[in-house]
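Each remark here refers to the structure printed beneath this line.
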Amino acid sequence: MRRGPVSFVLRLLFIAALLGVWEWAVVFFQTPAYIVPAPSSIAYAMYNGIATNLYVGHIGATVGETLLGFVLGCALAFVLGTIVALSRTVEYYLYPIIIMFQAMPKVALVPLILVWFGLGLTSKVISAALVAFFPLMVNTIVGLRSADEDRINLMRSLSASRWQIFRMLQLPNAMPYIFAGLEIAMIFALIGAIVAELISAERGLGMLMQSMSFTMDVAGQFSILFILSILGLILNGLVTLVRRQVLFWDTSRDADANEQSATKGEVL
Amino acid sequence: MDATVERPPPTAYSSVKDVISVRRLSLKYGRGAAGLLALSDISFSVADGEFIVVVGPSGCGKSTLLKVLAGLLPQTEGEASLNGTPIKGSRRDIGVVFQSPVLFPWRSVLGNVMLPADVQGLDQARMQQRALDLLNLVGLQGFEDRYPRELSGGMQQRVGIVRALIHDPAILLMDEPFGALDAMTRETMNVELQRIWMERRKTVLFITHSTAEAVFLADRVIVMTSRPGRIGDEFAVDLPRPRKLAVMNTEAFGAYVKRVRAALNPGGGGLD
Ligand SMILES: Nc1ncnc2c1ncn2[C@@H]1O[C@H](COP(=O)(O)OP(=O)(O)OP(=O)(O)O)[C@@H](O)[C@H]1O
Ligand SMILES: [Mg+2]
């Protein structure tokens, strides 16, 4: 749907009105700041944090863990997904395990990961990778298998080898699914890193959040929530940017970003 | 109506040697009682350079027959051979045009046309020149860098035809290539296809369910009837080439169309 600048202004006004009501309600009901702070005190906490250079190091740590976990998880997911998609035998033996893991809330494994891999970077990266892994693996399998029967027949009629069918047909055909998986995997990696930090960490936004919780700095916590959501948008936007370059031929996905995702009900 | 099935007289375009030869061919999808007999006891042959049209109602097994000839489906019984060799798997001297254009959206028009060359490792520079010549021939000059989504249905279909011709196959198998087009475009494409065929002189097996298209294009028409797919009639179309669209208004053309209809509908009654 195309909307003009007027509705854009209206949209901003609507958000401003919501914040106004929030501010008013906090003052009117005299809500204590350790339960729900007013938007103005959140903004102040944010300003303070920026002024004292509190966030930068923690943002860096969280982003680093997220990106490393994303790369690790996605690389493994792509390789395993490809093997499963191409080999019915492998699929047959792995299927029950995959189903078990898929139904399990992956974040419930994070405490164990901390036990196994310590409190440093490694455990955070592995948590992020674990949570990012499944959406991409499932989408890789579905994408590689979604090649149209007619297109496969065309390749076969040209005497294409199995490898050629994979490289020239199945892989490009799967790219929309793979990118839908990557977009989800990026957000999931951030979640995995944050959960690990919340439990135990030396650095990172999750650890900062946790320490603010002890000092009942609720406004500070809200400011971190805000930062996290901006981070999520940026990280997701990066993948979208790459997708637009690679999938220039795929017009079906601009309308609905998750159209081709096979993982709508994915458990974290 | 002539009840006997006549062998075609060797025309100027065909030699005595059979390029396609099918004998007592049957194909069953599935096994046992649940299986579906799609083709039953099909026999015919196609001479070198001949344009054969198979016409029949939807579901009579035309696409199935084409898949057997393309080496995509093994027959259940009988024999099918190309140039005297039994068909086992796909071959490189065949070009197939499928019922839908089957283009790859991530390849440009030129990229799609070059697919057979890429798969078969043919000389890129030579093939590219050939691709451009062929695109020219079907009126797609200047579109080589476009992507399939930028083309109309008829243009996509023409890309599919050029792709089938690029590796210069001796045999062309075409499955209702113009089925999705409007009547006007379809007639234009028929004329174009006839021109390409007369220029390139290939053996063509063309599938359609349009009686007019069948008579217009064919040296010889094979009429199939359904459940199970059988050959109902087979006759030569003796109209001079190149045929113009106006030929469709002649009495001789009408008589051929009538004969196809009679074979499609042996019980009498009009097929509208
Ligand atoms: N893969 C398949 N498995 C089982 N049955 C099939 C399969 N493909 C086709 N059939 C059946 O075989 C019969 C012939 O199908 P086919 O596609 O050859 O018909 P067709 O003559 O090409 O029809 P149309 O003109 O609609 O394309 C149909 O009854 C169809 O249901
Ligand atoms: Mg068909």
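Which condition number in (1) surrounded by 22 or more Cβ atoms within 10 Å (Cβ to Cβ); (2) within 20 Å of B:ALA164 (Cβ to Cβ) is the one that B:GLY89 fails?
(1)
Name the pairs: first residue in the range A:137-157 and more than 10 Å from every other protein chain (Cβ to nearest Cβ), second residue outside any helix (DSSP H, G or I), Cβ to Cβ under 7 Å, at least 6 apart or on different chains?
These pairs meet every condition: A:VAL138/A:ALA262; A:VAL138/A:THR263; A:ASN139/A:SER261; A:ASN139/A:ALA262; A:ASN139/A:THR263; A:VAL142/A:ALA262.
Answer yes if at least one residue in the range B:190-202 is more than 14 Å from chain A (Cβ to nearest Cβ), part of a helix (DSSP H, G or I) and within 16 Å of ligand 1 (Cβ to nearest atom), and no otherwise. Give the steps one after another, and end with the answer.
Pass one, the range B:190-202, residues more than 14 Å from chain A (Cβ to nearest Cβ): B:190-202.
If we keep only those that are part of a helix (DSSP H, G or I) as well, we get B:190-200.
With the extra rule that they be within 16 Å of ligand 1 (Cβ to nearest atom), the set shrinks to none.
No; the residues of the range B:190-202 include none that is more than 14 Å from chain A (Cβ to nearest Cβ), part of a helix (DSSP H, G or I) and within 16 Å of ligand 1 (Cβ to nearest atom).
Whether any residue in the range B:92-103 is of a type in the set (Ser, Thr, Tyr) and more than 10 Å from chain A (Cβ to nearest Cβ) is what I want to check.
Step one: of the range B:92-103, the residues of a type in the set (Ser, Thr, Tyr) are B:100.
Still in the running and more than 10 Å from chain A (Cβ to nearest Cβ): none.
Checking the range B:92-103: not a single residue is of a type in the set (Ser, Thr, Tyr) and more than 10 Å from chain A (Cβ to nearest Cβ).
Of the conditions (1) within 21 Å of B:GLY56 (Cβ to Cβ); (2) part of a loop (DSSP other than H, G, I, E, B), B:LYS258 satisfies every one except a single condition; which number is it?
That leaves (2) as the condition not met.
Quick one: in the range B:114-158, of everything that is among the basic types (Lys, Arg) and buried (at least 19 other Cβ atoms within 10 Å of the Cβ), which residue is farthest from B:THR185 (Cα to Cα)?
Pass one, the range B:114-158, residues among the basic types (Lys, Arg): B:126, B:130, B:146, B:149, B:158.
Restricting the remaining residues to those that are buried (at least 19 other Cβ atoms within 10 Å of the Cβ) gives B:130, B:158.
Details: B:ARG130: 25, B:ARG158: 11 Å.
Selected residue: B:ARG130.
From B:VAL97, B:VAL46, B:VAL68, grab the single residue that is on the phi < 0 side of the Ramachandran plot, modelled with pLDDT of 90 or more and more than 16 Å from ligand 2 (Cβ to nearest atom).
Details: B:VAL97 fails: more than 16 Å from ligand 2 (Cβ to nearest atom); B:VAL68 fails: more than 16 Å from ligand 2 (Cβ to nearest atom).
Exactly one residue qualifies, and that residue is B:VAL46.
List the pairs whose first member sits in the range B:168-193 and is touching a residue at least 60 places away in the same chain (Cβ under 8 Å), whose second member is assigned to a loop (DSSP other than H, G, I, E, B) and within 16 Å of ligand 2 (Cβ to nearest atom), and whose Cβ atoms are under 6 Å apart, counting only residues at least 6 apart or on separate chains?
B:LEU173/B:ALA70; B:ASP175/B:PHE98; B:ASP175/B:GLN99; B:GLU176/B:GLN99
If B:GLU79 satisfies every condition in (1) within 16 Å of ligand 2 (Cβ to nearest atom); (2) more than 14 Å from chain A (Cβ to nearest Cβ) but one, which is the exception?
(1)
If the requirement is being part of a helix (DSSP H, G or I) and either within 14 Å of another protein chain (Cβ to nearest Cβ) or β-branched (Val, Ile, Thr) (or both), which of these qualifies: A:MET175, A:MET209, A:MET186?
Numbers: A:MET209 fails: either within 14 Å of another protein chain (Cβ to nearest Cβ) or β-branched (Val, Ile, Thr) (or both); A:MET186 fails: either within 14 Å of another protein chain (Cβ to nearest Cβ) or β-branched (Val, Ile, Thr) (or both).
Answer to the check: A:MET175.
Pick out the one residue from B:GLY71, B:GLY111 that is open to solvent by 10 Å² or more (accessible area, probe 1.4 Å), within 14 Å of chain A (Cβ to nearest Cβ) and under 21 Å from B:LEU25 (Cα atoms). Reasoning before the result, please.
On the way: B:GLY111 fails: under 21 Å from B:LEU25 (Cα atoms).
On inspection, the qualifying residue turns out to be B:GLY71.
The values are calculated or read from the model by the stated rules, or taken from the named source; none is laboratory data. None of the values given here were measured: they were computed from a predicted structure. A quick note on method: Cβ atoms are made from the backbone with ideal geometry, for glycine too, and the neighbour counts reach across all protein chains shown. Quick note on the areas: whole protein, heavy atoms, side chains included, nothing else; ligands and nucleic acids left out. Shrake-Rupley method; radii C 1.70, N 1.55, O 1.52, S 1.80 Å.
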